[in-house]
Amino acid sequence: MKRLVPATLAFLLLTGFGFNPTKMIGQLTSNPLVSSLMSGLGLNANQAVGGAGALLGLAQQHMPKADWSKLTGSIPGVGDMIKTAKSLGGISKFTNLAGLSGAFGKMGLTPDHVSQLTPAMGDYVSKVAGPEVGNSFKNAIK
């Protein structure tokens, strides 16, 4: 029995506790933010979920806590998008926008996609969480 516990814990850590990014992407395609990015920018589901999650993860690191709280209260599934982006892009740490370029490439996002994605996300956040939170988001992802 004592050997089973460490083996089980190791398995769970290695498999991400059963996290399935493909399944999560399927669930997130109905998310208003994701569907907006797919229809507005012509992104596929992986690109929309991964790109949004990467930018949200970056924003989380740099936004004031009160603004971040308002953002997460206004956009459903933020945590799932960030977790999926980490998995899709191999992201271990969110530092700055330039540091995400490799992850964006793994998600199939070109520099042109990213140049459209960042203002689209800022506009969406402003629309659903208010202009102050939108400005805070835009500043956090620079």
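Of note:
- Scope region 101-142; condition touching a residue at least 24 places away in the same chain (Cβ under 8 Å), in a helix (DSSP H, G or I) and closer than 17 Å to Ala66 by Cα; matching residues: Val125, Val128, Ala129, Glu132, Val133, Ser136, Phe137, Asn139, Ala140
- Residues that are assigned to a helix (DSSP H, G or I) and closer than 20 Å to Ala103 by Cβ within region 71-86 comprise Val78, Gly79, Asp80, Met81, Ile82, Lys83, Thr84, Ala85, Lys86, listed in sequence order.
- Every test in (1) surrounded by 15 or more Cβ atoms within 10 Å (Cβ to Cβ); (2) at negative phi is passed by Gly77 save one, and that test is (2).
- Taken over region 88-115, the criterion of being surrounded by 18 or more Cβ atoms within 10 Å (Cβ to Cβ) and not aliphatic (A, V, I, L, M) is satisfied by Gly89, Phe94, Phe104, His113.
- Members of region 42-83 found to be in contact (Cβ under 8 Å) with a residue 40 or more places away in the chain and among the hydroxyl-bearing types (Ser, Thr, Tyr), listed by number: Ser74
- Qualifying residues in region 18-56 (those that are part of a helix (DSSP H, G or I) and among the β-branched types (Val, Ile, Thr)) - the one surrounded by the most Cβ atoms within 10 Å (Cβ to Cβ): Val49
- Some residue of region 63-78 being at pLDDT 95 or above and touching a Phe, Trp or Tyr at 6+ places or on another chain (Cβ under 6 Å): no
- Residue in region 87-98 that is farther than 23 Å from Lys23 by Cα, in a helix (DSSP H, G or I) and not acidic (Asp, Glu) present: yes
The values are calculated or read from the model by the stated rules, or taken from the named source; none is laboratory data. Computed from a predicted structure; not experimentally measured. All Cβ positions, even for glycine, are placed from backbone atoms using ideal geometry, and neighbour counts span all protein chains on display.
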